[in-house]
Amino acid sequence: MAASDPLQHTFLQCLSLYSEPSHPISTVTYFPNNPSYPPILESYIRNLRFNSSTTPKPSFIVTPTHVSHIQASIICCKRFELEMRIRSGGHDYDGLSYVSEAPFIILDMFMLRSVLVNLEDETVWVDSGATIGELFYRIAEKSKIHGFPAGVCPTVGVGGHFSGGGYGNLMRRFGLSVDNVLDAQIVDANGRILDRKSMGEDLFWAIRGGGGASFGVIVSWKIKLVLVPEIVTVFRVEKTLEQGATDIVHQWQYVADKIHDGLFIRVVLSPVKRKGQKTIRAKFNALFLGNAEQLLDIMSERFPELGLIGEQCIEMSWIDSVLFWYNYPVGTSIDVLLERHPSPEKFLKRKSDYVQQPISKVDLEGIWKKVMELGKPALTFNPYGGKMSQISEVETPFPHRAGNIYKIQYSVNWKVEEVADHYINLTRKLHKFMTSFVSKNLREAFLNYKDLDLGINHNGKNGYCEGRVYGVEYFKENFNKLVRIKTLVDHGNFFRNEQSIPKVPYRK
(Lines give C-alpha, C1' and ligand atoms only; values in the text may rest on other atoms or scores of the structure.)
Protein backbone atom coordinates (compact mmCIF):
# COMPACT_ATOMS: atom_id res chain seq x y z
CA MET A 1 0.00 0.00 0.00
CA ALA A 2 1.33 3.42 -0.86
CA ALA A 3 1.51 5.66 2.20
CA SER A 4 -0.70 8.68 1.69
CA ASP A 5 0.94 11.11 4.09
CA PRO A 6 4.51 11.82 5.29
CA LEU A 7 3.99 10.21 8.72
CA GLN A 8 2.78 6.95 7.19
CA HIS A 9 5.71 7.06 4.77
CA THR A 10 8.12 7.49 7.67
CA PHE A 11 6.58 4.56 9.56
CA LEU A 12 6.82 2.33 6.49
CA GLN A 13 10.43 3.36 5.90
CA CYS A 14 11.32 2.31 9.43
CA LEU A 15 9.39 -0.97 9.23
CA SER A 16 10.98 -1.84 5.88
CA LEU A 17 14.45 -1.01 7.15
CA TYR A 18 14.26 -3.54 9.99
CA SER A 19 12.38 -6.38 8.25
CA GLU A 20 13.42 -8.95 5.64
CA PRO A 21 13.24 -7.54 2.07
CA SER A 22 12.16 -10.98 0.86
CA HIS A 23 9.02 -10.62 3.04
CA PRO A 24 7.90 -7.00 2.38
CA ILE A 25 6.25 -5.68 5.52
CA SER A 26 4.38 -3.04 3.52
CA THR A 27 2.04 -5.78 2.26
CA VAL A 28 0.91 -6.62 5.81
CA THR A 29 0.73 -3.07 7.23
CA TYR A 30 -2.65 -1.35 7.27
CA PHE A 31 -3.23 2.34 7.96
CA PRO A 32 -6.71 3.79 8.65
CA ASN A 33 -7.11 4.97 5.04
CA ASN A 34 -6.67 1.43 3.73
CA PRO A 35 -10.02 -0.28 2.88
CA SER A 36 -8.77 -3.44 4.64
CA TYR A 37 -8.11 -1.60 7.93
CA PRO A 38 -11.71 -1.68 9.31
CA PRO A 39 -12.42 -5.38 8.60
CA ILE A 40 -9.03 -6.48 9.95
CA LEU A 41 -9.48 -4.37 13.09
CA GLU A 42 -13.02 -5.62 13.70
CA SER A 43 -12.54 -9.27 12.75
CA TYR A 44 -11.06 -10.25 16.12
CA ILE A 45 -12.93 -7.85 18.40
CA ARG A 46 -14.77 -10.53 20.38
CA ASN A 47 -16.33 -8.13 22.88
CA LEU A 48 -18.57 -5.55 21.21
CA ARG A 49 -18.06 -3.18 24.14
CA PHE A 50 -14.80 -2.27 22.38
CA ASN A 51 -16.15 -1.84 18.87
CA SER A 52 -17.84 1.53 19.12
CA SER A 53 -17.12 4.85 17.41
CA THR A 54 -15.54 6.13 20.64
CA THR A 55 -13.22 3.15 21.14
CA PRO A 56 -9.58 4.25 20.57
CA LYS A 57 -8.23 2.94 17.26
CA PRO A 58 -4.65 1.90 16.41
CA SER A 59 -2.36 4.14 14.34
CA PHE A 60 -1.85 1.12 12.11
CA ILE A 61 -2.11 -2.67 12.15
CA VAL A 62 0.63 -5.16 11.29
CA THR A 63 -0.40 -8.74 10.52
CA PRO A 64 3.00 -10.48 10.53
CA THR A 65 3.69 -13.43 8.27
CA HIS A 66 7.39 -13.54 9.14
CA VAL A 67 9.23 -13.09 12.42
CA SER A 68 11.12 -10.06 11.01
CA HIS A 69 7.79 -8.23 10.83
CA ILE A 70 7.53 -8.60 14.61
CA GLN A 71 11.10 -7.45 15.15
CA ALA A 72 10.60 -4.38 12.95
CA SER A 73 7.32 -3.48 14.67
CA ILE A 74 8.96 -3.53 18.10
CA ILE A 75 11.96 -1.46 17.02
CA CYS A 76 9.85 1.15 15.19
CA CYS A 77 7.22 1.43 17.93
CA LYS A 78 9.98 2.19 20.40
CA ARG A 79 11.46 4.77 18.04
CA PHE A 80 8.12 6.55 17.52
CA GLU A 81 6.94 6.06 21.12
CA LEU A 82 3.91 3.99 20.22
CA GLU A 83 2.49 1.32 22.47
CA MET A 84 1.93 -2.14 21.04
CA ARG A 85 -1.08 -4.36 21.57
CA ILE A 86 -0.56 -8.03 20.69
CA ARG A 87 -3.66 -9.92 19.55
CA SER A 88 -3.94 -13.62 18.74
CA GLY A 89 -7.63 -14.52 19.03
CA GLY A 90 -9.14 -11.34 20.46
CA HIS A 91 -10.80 -13.05 23.44
CA ASP A 92 -9.21 -10.76 26.04
CA TYR A 93 -12.38 -10.07 28.04
CA ASP A 94 -11.59 -6.42 28.73
CA GLY A 95 -10.09 -5.68 25.32
CA LEU A 96 -6.47 -5.15 26.36
CA SER A 97 -5.16 -6.97 23.28
CA TYR A 98 -6.58 -4.37 20.91
CA VAL A 99 -7.40 -1.14 22.80
CA SER A 100 -5.21 1.51 24.44
CA GLU A 101 -5.76 5.09 25.59
CA ALA A 102 -2.21 5.97 24.46
CA PRO A 103 -1.18 6.10 20.77
CA PHE A 104 -0.72 2.45 19.77
CA ILE A 105 -0.55 -0.16 17.04
CA ILE A 106 -1.98 -3.68 16.90
CA LEU A 107 0.31 -6.58 16.11
CA ASP A 108 -2.30 -9.08 14.98
CA MET A 109 -0.89 -12.62 14.94
CA PHE A 110 -3.71 -14.35 13.05
CA MET A 111 -1.58 -15.00 9.93
CA LEU A 112 0.98 -16.92 12.01
CA ARG A 113 -0.99 -20.07 12.71
CA SER A 114 1.13 -23.06 11.71
CA VAL A 115 0.50 -26.30 13.64
CA LEU A 116 3.21 -28.96 13.19
CA VAL A 117 2.32 -32.28 14.83
CA ASN A 118 5.12 -34.79 15.44
CA LEU A 119 3.75 -38.12 16.65
CA GLU A 120 7.23 -39.67 16.87
CA ASP A 121 8.09 -37.64 19.94
CA GLU A 122 4.45 -36.67 20.71
CA THR A 123 5.05 -32.94 20.43
CA VAL A 124 3.58 -30.02 18.49
CA TRP A 125 4.99 -26.65 17.47
CA VAL A 126 2.00 -24.31 17.32
CA ASP A 127 2.07 -20.61 16.40
CA SER A 128 0.46 -18.08 18.72
CA GLY A 129 -2.01 -17.00 16.04
CA ALA A 130 -3.53 -20.47 15.73
CA THR A 131 -6.81 -21.09 17.52
CA ILE A 132 -7.42 -23.88 20.02
CA GLY A 133 -9.85 -25.36 17.49
CA GLU A 134 -7.16 -25.45 14.79
CA LEU A 135 -4.72 -27.07 17.23
CA PHE A 136 -7.24 -29.76 18.23
CA TYR A 137 -8.17 -30.38 14.59
CA ARG A 138 -4.55 -30.89 13.49
CA ILE A 139 -3.92 -33.28 16.37
CA ALA A 140 -7.04 -35.28 15.51
CA GLU A 141 -5.95 -35.43 11.85
CA LYS A 142 -2.92 -37.43 12.94
CA SER A 143 -4.15 -39.48 15.90
CA LYS A 144 -7.27 -40.77 17.64
CA ILE A 145 -5.46 -41.28 20.94
CA HIS A 146 -3.71 -37.94 21.41
CA GLY A 147 -5.10 -34.68 22.74
CA PHE A 148 -4.01 -31.57 24.59
CA PRO A 149 -5.34 -29.85 27.73
CA ALA A 150 -6.66 -26.45 26.68
CA GLY A 151 -9.89 -24.47 26.70
CA VAL A 152 -13.38 -25.39 25.52
CA CYS A 153 -13.90 -22.38 23.21
CA PRO A 154 -12.32 -23.29 19.85
CA THR A 155 -11.93 -19.70 18.56
CA VAL A 156 -9.60 -18.64 21.39
CA GLY A 157 -6.08 -17.83 20.17
CA VAL A 158 -3.26 -20.01 21.44
CA GLY A 159 -0.97 -17.06 22.28
CA GLY A 160 -3.01 -15.45 25.04
CA HIS A 161 -4.58 -18.71 26.20
CA PHE A 162 -1.29 -20.49 26.87
CA SER A 163 0.55 -17.50 28.33
CA GLY A 164 -2.25 -16.95 30.86
CA GLY A 165 -2.37 -20.59 31.98
CA GLY A 166 -4.65 -22.45 29.58
CA TYR A 167 -7.63 -23.85 31.45
CA GLY A 168 -9.90 -26.65 30.23
CA ASN A 169 -11.76 -29.88 30.94
CA LEU A 170 -8.67 -32.15 30.83
CA MET A 171 -6.89 -30.30 33.63
CA ARG A 172 -7.84 -32.68 36.45
CA ARG A 173 -5.90 -35.43 34.63
CA PHE A 174 -3.18 -33.46 32.85
CA GLY A 175 -2.99 -29.99 34.41
CA LEU A 176 -3.11 -26.73 32.48
CA SER A 177 -1.77 -26.01 29.01
CA VAL A 178 1.32 -24.41 30.56
CA ASP A 179 2.04 -27.57 32.55
CA ASN A 180 2.62 -29.25 29.18
CA VAL A 181 4.73 -26.59 27.41
CA LEU A 182 8.28 -27.68 26.54
CA ASP A 183 9.71 -24.69 24.65
CA ALA A 184 8.74 -21.39 23.07
CA GLN A 185 10.02 -18.83 20.61
CA ILE A 186 9.76 -15.19 21.71
CA VAL A 187 10.83 -11.83 20.34
CA ASP A 188 12.01 -9.64 23.22
CA ALA A 189 12.01 -5.86 23.73
CA ASN A 190 15.33 -5.59 21.86
CA GLY A 191 13.99 -7.47 18.85
CA ARG A 192 15.97 -10.64 19.58
CA ILE A 193 14.49 -14.05 18.72
CA LEU A 194 14.90 -16.35 21.72
CA ASP A 195 14.05 -19.97 22.51
CA ARG A 196 13.98 -21.66 25.91
CA LYS A 197 17.75 -22.07 26.04
CA SER A 198 18.61 -18.52 24.99
CA MET A 199 15.85 -16.80 26.97
CA GLY A 200 16.78 -18.66 30.17
CA GLU A 201 14.60 -20.54 32.64
CA ASP A 202 13.34 -17.42 34.43
CA LEU A 203 11.73 -15.88 31.35
CA PHE A 204 10.49 -19.30 30.23
CA TRP A 205 8.87 -19.64 33.66
CA ALA A 206 7.29 -16.17 33.41
CA ILE A 207 5.56 -16.65 30.06
CA ARG A 208 3.90 -19.91 31.18
CA GLY A 209 1.07 -18.26 33.09
CA GLY A 210 2.40 -14.76 33.75
CA GLY A 211 0.91 -13.26 30.61
CA GLY A 212 3.19 -13.19 27.59
CA ALA A 213 2.24 -9.63 26.60
CA SER A 214 4.23 -8.26 29.57
CA PHE A 215 7.49 -9.81 28.38
CA GLY A 216 7.59 -10.01 24.59
CA VAL A 217 5.85 -11.37 21.54
CA ILE A 218 5.54 -15.13 21.74
CA VAL A 219 5.72 -16.46 18.19
CA SER A 220 5.22 -20.18 18.82
CA TRP A 221 5.04 -22.87 21.47
CA LYS A 222 6.33 -26.44 21.68
CA ILE A 223 3.84 -28.56 23.60
CA LYS A 224 3.72 -32.16 24.81
CA LEU A 225 0.73 -34.18 23.63
CA VAL A 226 -1.21 -36.28 26.12
CA LEU A 227 -2.84 -39.69 25.63
CA VAL A 228 -6.63 -39.87 25.61
CA PRO A 229 -8.83 -42.97 25.20
CA GLU A 230 -10.34 -43.73 21.78
CA ILE A 231 -13.73 -43.55 23.49
CA VAL A 232 -14.68 -40.86 26.01
CA THR A 233 -18.09 -40.19 27.53
CA VAL A 234 -19.99 -36.92 27.94
CA PHE A 235 -23.26 -35.92 29.51
CA ARG A 236 -25.35 -32.80 30.02
CA VAL A 237 -27.94 -32.95 32.80
CA GLU A 238 -30.16 -30.03 33.84
CA LYS A 239 -31.90 -29.58 37.18
CA THR A 240 -34.01 -26.69 38.48
CA LEU A 241 -34.53 -25.74 42.13
CA GLU A 242 -37.84 -27.61 42.03
CA GLN A 243 -35.94 -30.73 40.92
CA GLY A 244 -33.52 -30.57 43.85
CA ALA A 245 -30.74 -28.49 42.29
CA THR A 246 -29.69 -26.99 45.64
CA ASP A 247 -29.01 -30.38 47.25
CA ILE A 248 -27.20 -31.63 44.14
CA VAL A 249 -24.96 -28.55 43.80
CA HIS A 250 -24.24 -28.67 47.52
CA GLN A 251 -23.09 -32.27 47.26
CA TRP A 252 -21.15 -31.53 44.04
CA GLN A 253 -18.87 -29.29 46.12
CA TYR A 254 -17.79 -32.28 48.23
CA VAL A 255 -17.29 -34.58 45.26
CA ALA A 256 -16.16 -32.76 42.11
CA ASP A 257 -12.53 -32.11 43.13
CA LYS A 258 -12.03 -35.56 44.72
CA ILE A 259 -13.74 -37.86 42.22
CA HIS A 260 -11.84 -39.87 39.53
CA ASP A 261 -9.27 -37.52 37.91
CA GLY A 262 -10.52 -38.47 34.45
CA LEU A 263 -13.91 -36.94 35.23
CA PHE A 264 -14.56 -33.20 34.94
CA ILE A 265 -18.06 -31.98 35.90
CA ARG A 266 -18.77 -28.31 35.34
CA VAL A 267 -21.91 -26.64 36.73
CA VAL A 268 -23.49 -23.65 34.97
CA LEU A 269 -26.07 -21.81 37.09
CA SER A 270 -28.47 -19.45 35.37
CA PRO A 271 -31.65 -17.56 36.32
CA VAL A 272 -34.55 -18.80 34.18
CA LYS A 273 -38.35 -18.83 34.16
CA ARG A 274 -40.41 -22.01 34.37
CA LYS A 275 -44.21 -21.77 34.08
CA GLY A 276 -43.96 -18.04 34.69
CA GLN A 277 -41.95 -18.43 37.91
CA LYS A 278 -38.32 -17.44 38.48
CA THR A 279 -35.98 -20.29 39.31
CA ILE A 280 -32.35 -21.38 38.92
CA ARG A 281 -31.24 -23.93 36.33
CA ALA A 282 -28.15 -25.96 37.19
CA LYS A 283 -26.61 -27.49 34.07
CA PHE A 284 -24.06 -30.25 34.74
CA ASN A 285 -21.66 -30.68 31.79
CA ALA A 286 -19.20 -33.55 32.03
CA LEU A 287 -16.28 -35.17 30.21
CA PHE A 288 -15.07 -38.60 31.32
CA LEU A 289 -11.93 -40.22 29.92
CA GLY A 290 -13.46 -43.67 29.64
CA ASN A 291 -16.62 -45.49 28.59
CA ALA A 292 -20.18 -45.06 29.81
CA GLU A 293 -20.18 -48.21 31.93
CA GLN A 294 -17.14 -47.03 33.90
CA LEU A 295 -18.67 -43.58 34.28
CA LEU A 296 -21.98 -44.92 35.61
CA ASP A 297 -20.13 -47.04 38.17
CA ILE A 298 -18.18 -44.01 39.41
CA MET A 299 -21.23 -41.77 39.52
CA SER A 300 -23.46 -44.29 41.32
CA GLU A 301 -20.77 -44.72 43.99
CA ARG A 302 -19.51 -41.16 44.37
CA PHE A 303 -22.28 -38.84 43.16
CA PRO A 304 -25.63 -40.69 43.15
CA GLU A 305 -27.44 -37.43 43.99
CA LEU A 306 -27.30 -36.39 40.31
CA GLY A 307 -29.26 -39.51 39.33
CA LEU A 308 -27.27 -40.08 36.14
CA ILE A 309 -28.66 -42.86 33.92
CA GLY A 310 -27.27 -44.64 30.88
CA GLU A 311 -29.49 -42.82 28.38
CA GLN A 312 -27.86 -39.52 29.39
CA CYS A 313 -24.34 -40.76 28.63
CA ILE A 314 -22.96 -40.34 25.11
CA GLU A 315 -19.82 -42.19 24.01
CA MET A 316 -17.70 -40.51 21.35
CA SER A 317 -14.13 -39.69 20.35
CA TRP A 318 -12.23 -37.03 22.27
CA ILE A 319 -12.30 -34.65 19.30
CA ASP A 320 -16.09 -35.02 19.05
CA SER A 321 -16.33 -34.21 22.77
CA VAL A 322 -14.69 -30.86 21.97
CA LEU A 323 -17.67 -30.08 19.71
CA PHE A 324 -20.17 -31.32 22.32
CA TRP A 325 -18.68 -29.01 24.93
CA TYR A 326 -19.07 -26.04 22.60
CA ASN A 327 -22.74 -26.97 22.13
CA TYR A 328 -22.50 -28.22 18.55
CA PRO A 329 -25.10 -30.93 17.78
CA VAL A 330 -23.82 -34.49 18.09
CA GLY A 331 -22.62 -35.62 14.67
CA THR A 332 -21.31 -32.20 13.57
CA SER A 333 -18.21 -32.44 11.35
CA ILE A 334 -14.97 -31.52 13.10
CA ASP A 335 -14.28 -29.18 10.17
CA VAL A 336 -16.14 -26.50 12.17
CA LEU A 337 -13.04 -26.28 14.35
CA LEU A 338 -11.32 -24.51 11.45
CA GLU A 339 -13.94 -21.74 11.44
CA ARG A 340 -12.46 -18.76 13.23
CA HIS A 341 -15.77 -16.84 13.45
CA PRO A 342 -18.54 -19.40 13.93
CA SER A 343 -20.94 -17.25 15.99
CA PRO A 344 -21.86 -13.56 16.18
CA GLU A 345 -19.96 -11.49 18.73
CA LYS A 346 -21.70 -9.97 21.75
CA PHE A 347 -21.32 -7.43 24.53
CA LEU A 348 -19.98 -9.13 27.63
CA LYS A 349 -18.40 -8.85 31.08
CA ARG A 350 -16.60 -11.58 33.03
CA LYS A 351 -15.23 -11.85 36.57
CA SER A 352 -13.73 -14.69 38.61
CA ASP A 353 -13.36 -16.14 42.11
CA TYR A 354 -11.98 -19.21 43.88
CA VAL A 355 -13.85 -21.27 46.46
CA GLN A 356 -11.88 -23.07 49.17
CA GLN A 357 -14.63 -24.20 51.55
CA PRO A 358 -17.99 -25.70 50.50
CA ILE A 359 -20.84 -23.19 50.60
CA SER A 360 -23.71 -24.28 52.87
CA LYS A 361 -27.19 -25.07 51.54
CA VAL A 362 -28.60 -22.01 53.31
CA ASP A 363 -25.96 -19.79 51.70
CA LEU A 364 -26.50 -21.39 48.29
CA GLU A 365 -30.18 -20.55 48.62
CA GLY A 366 -29.20 -16.96 49.43
CA ILE A 367 -27.03 -16.88 46.30
CA TRP A 368 -29.89 -18.21 44.16
CA LYS A 369 -32.15 -15.51 45.58
CA LYS A 370 -29.60 -12.83 44.69
CA VAL A 371 -29.10 -14.19 41.17
CA MET A 372 -32.86 -14.26 40.55
CA GLU A 373 -33.17 -10.73 41.93
CA LEU A 374 -30.44 -9.46 39.59
CA GLY A 375 -32.00 -11.44 36.75
CA LYS A 376 -29.03 -11.74 34.40
CA PRO A 377 -25.51 -12.84 35.52
CA ALA A 378 -24.75 -16.56 35.42
CA LEU A 379 -22.19 -18.47 37.48
CA THR A 380 -20.02 -21.32 36.23
CA PHE A 381 -18.37 -23.64 38.76
CA ASN A 382 -15.22 -25.38 37.45
CA PRO A 383 -13.79 -28.16 39.68
CA TYR A 384 -10.18 -28.52 40.72
CA GLY A 385 -8.37 -31.46 42.34
CA GLY A 386 -6.49 -34.22 40.56
CA LYS A 387 -3.32 -33.03 38.81
CA MET A 388 -4.05 -29.42 39.81
CA SER A 389 -3.51 -30.28 43.47
CA GLN A 390 -0.26 -32.15 42.77
CA ILE A 391 1.63 -29.27 41.13
CA SER A 392 3.31 -26.66 43.32
CA GLU A 393 1.89 -23.15 43.07
CA VAL A 394 5.41 -21.86 42.32
CA GLU A 395 6.04 -24.33 39.47
CA THR A 396 4.59 -21.75 37.05
CA PRO A 397 3.26 -18.20 37.64
CA PHE A 398 -0.28 -19.66 37.79
CA PRO A 399 -0.67 -20.13 41.59
CA HIS A 400 -4.26 -21.36 42.00
CA ARG A 401 -3.56 -25.01 42.72
CA ALA A 402 -4.08 -27.02 45.92
CA GLY A 403 -6.60 -25.65 48.39
CA ASN A 404 -9.14 -24.61 45.79
CA ILE A 405 -12.26 -26.74 45.40
CA TYR A 406 -13.49 -24.87 42.35
CA LYS A 407 -13.28 -21.65 40.40
CA ILE A 408 -16.25 -19.40 39.65
CA GLN A 409 -16.74 -17.46 36.44
CA TYR A 410 -19.37 -14.72 36.58
CA SER A 411 -20.73 -13.96 33.12
CA VAL A 412 -23.24 -11.63 31.56
CA ASN A 413 -23.97 -11.02 27.86
CA TRP A 414 -26.21 -8.42 26.26
CA LYS A 415 -27.12 -7.19 22.78
CA VAL A 416 -27.08 -3.37 22.67
CA GLU A 417 -24.43 -0.86 23.72
CA GLU A 418 -26.80 1.47 25.60
CA VAL A 419 -27.37 -0.99 28.47
CA ALA A 420 -23.68 -1.80 29.06
CA ASP A 421 -23.35 0.07 32.36
CA HIS A 422 -26.47 -1.63 33.71
CA TYR A 423 -25.26 -5.16 33.01
CA ILE A 424 -21.67 -4.55 34.10
CA ASN A 425 -23.05 -3.19 37.38
CA LEU A 426 -25.17 -6.33 37.88
CA THR A 427 -22.03 -8.46 37.60
CA ARG A 428 -20.19 -6.26 40.08
CA LYS A 429 -23.09 -6.52 42.54
CA LEU A 430 -23.06 -10.32 42.36
CA HIS A 431 -19.27 -10.42 42.75
CA LYS A 432 -19.53 -8.20 45.84
CA PHE A 433 -22.33 -10.33 47.26
CA MET A 434 -20.09 -13.43 46.98
CA THR A 435 -17.26 -11.95 49.07
CA SER A 436 -17.84 -14.02 52.20
CA PHE A 437 -18.05 -17.32 50.28
CA VAL A 438 -14.79 -17.17 48.34
CA SER A 439 -11.02 -17.10 49.00
CA LYS A 440 -10.22 -15.08 52.11
CA ASN A 441 -7.42 -12.66 53.08
CA LEU A 442 -6.37 -12.49 49.47
CA ARG A 443 -9.25 -12.69 47.02
CA GLU A 444 -7.80 -14.64 44.10
CA ALA A 445 -8.60 -14.07 40.41
CA PHE A 446 -7.75 -15.79 37.13
CA LEU A 447 -5.58 -13.85 34.64
CA ASN A 448 -7.31 -15.24 31.55
CA TYR A 449 -10.63 -13.84 32.85
CA LYS A 450 -9.14 -10.35 32.58
CA ASP A 451 -11.02 -7.90 34.80
CA LEU A 452 -10.07 -4.22 34.97
CA ASP A 453 -12.28 -3.80 38.05
CA LEU A 454 -9.37 -5.32 40.01
CA GLY A 455 -7.13 -2.35 39.28
CA ILE A 456 -5.54 -0.34 36.47
CA ASN A 457 -1.89 0.47 35.95
CA HIS A 458 -1.09 3.87 34.45
CA ASN A 459 2.55 2.74 34.03
CA GLY A 460 3.95 5.86 35.65
CA LYS A 461 6.01 6.39 38.78
CA ASN A 462 3.41 4.49 40.84
CA GLY A 463 3.40 1.56 38.41
CA TYR A 464 4.64 -1.01 40.90
CA CYS A 465 2.10 -0.07 43.58
CA GLU A 466 -0.74 0.03 41.07
CA GLY A 467 0.40 -3.28 39.57
CA ARG A 468 0.59 -5.00 42.92
CA VAL A 469 -3.13 -4.37 43.55
CA TYR A 470 -4.26 -6.70 40.75
CA GLY A 471 -0.97 -8.61 40.51
CA VAL A 472 -1.28 -10.42 43.84
CA GLU A 473 -4.86 -11.47 43.04
CA TYR A 474 -3.77 -13.02 39.76
CA PHE A 475 -0.39 -14.39 40.90
CA LYS A 476 -0.23 -14.41 44.74
CA GLU A 477 3.40 -14.69 45.87
CA ASN A 478 4.58 -15.30 42.30
CA PHE A 479 3.94 -11.63 41.56
CA ASN A 480 7.27 -10.51 43.05
CA LYS A 481 9.25 -12.98 40.95
CA LEU A 482 7.41 -11.83 37.82
CA VAL A 483 8.31 -8.21 38.64
CA ARG A 484 12.01 -9.11 39.02
CA ILE A 485 12.02 -10.95 35.67
CA LYS A 486 10.13 -8.12 33.97
CA THR A 487 12.70 -5.61 35.20
CA LEU A 488 15.57 -7.68 33.81
CA VAL A 489 14.13 -8.48 30.38
CA ASP A 490 12.15 -5.28 29.64
CA HIS A 491 13.68 -2.55 31.76
CA GLY A 492 12.18 0.15 29.55
CA ASN A 493 8.68 -1.30 30.13
CA PHE A 494 7.92 -1.37 26.41
CA PHE A 495 5.50 -4.29 26.75
CA ARG A 496 2.82 -2.73 28.88
CA ASN A 497 -0.92 -2.41 29.25
CA GLU A 498 -3.44 -1.56 31.97
CA GLN A 499 -2.76 -4.84 33.78
CA SER A 500 0.77 -5.75 32.75
CA ILE A 501 3.57 -6.81 35.10
CA PRO A 502 5.30 -3.65 36.36
CA LYS A 503 9.02 -3.08 36.91
CA VAL A 504 10.79 -2.90 40.24
CA PRO A 505 10.22 0.68 41.49
CA TYR A 506 13.12 3.05 40.77
CA ARG A 507 14.96 4.32 43.81
CA LYS A 508 17.41 7.22 43.90
Output the relative contact order of region 184-223, whole-number percent, from Cα pairs under 8 angstrom with separation of 6+ residues. 54 percent
Taking 45 Å as R0, compute the FRET efficiency from the Cβ-Cβ separation of L442 and E315 and round it to 0.05. 0.60
Cα-only radius of gyration and Dmax that characterise region 306-417, units Å: 18.1, 46
Measuring with a 1.4 Å probe in the full set of protein chains, what accessible area per residue, in whole Å², belongs to the chain? 41 Å²
Let me check against my output: what whole-number percent is the relative contact order of region 390-505, with C-alpha pairs under 8 Å and at least 6 apart? 25 percent
Pop out the carbon and sulfur fraction of the accessible area of the chain as a percent, whole number, probe 1.4 Å. 51 percent
Region 237-251 and region 18-87: distance between their alpha carbon centers, rounded to Å: 49 Å
Any chance you could give the angle, 0 to 90 degrees and rounded to 10, that helix 478-489 forms with the longest Cα principal axis of the chain? 20 degrees
Using 30 Å as the Cα-Cα cut-off, could you pick out the over-long pairs in K222/K432; K275/K450; K78/K450; K224/K440; K370/K450? K222/K432; K275/K450; K224/K440
Can you tell me the FRET efficiency between I391 and E339 if r is taken as the Cβ-Cβ distance and R0 is 30 Å, rounded to the nearest 0.05? 0.35
Stokes-Einstein diffusion coefficient of the chain, Kirkwood radius over Cα pairs, 25 °C, 0.890 mPa s, in µm²/s: 104 µm²/s
Solvent exposure ordering (accessible area, 1.4 Å, most first) of S500, S436, S343: S436, S343, S500
Pairs of Cα atoms under 8 Å, at least six residues apart: use those to get the relative contact order of the chain, whole percent. 14 percent
Which shape class applies to region 374-482: rounded if a/c is under 1.5, otherwise prolate when a/b exceeds b/c and oblate if not, where a ≥ b ≥ c are the square roots of the Cα gyration tensor eigenvalues? oblate
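The values are calculated or read from the model by the stated rules, or taken from the named source; none is laboratory data. Small disclaimer: the values here were computed from a predicted structure and weren't measured. With ideal geometry, Cβ positions are generated from the backbone for all residues, glycine too; neighbour counts draw on all protein chains shown. Protein only, heavy atoms only, side chains kept; ligands, DNA and RNA dropped before computing areas. Shrake-Rupley method; radii C 1.70, N 1.55, O 1.52, S 1.80 Å.
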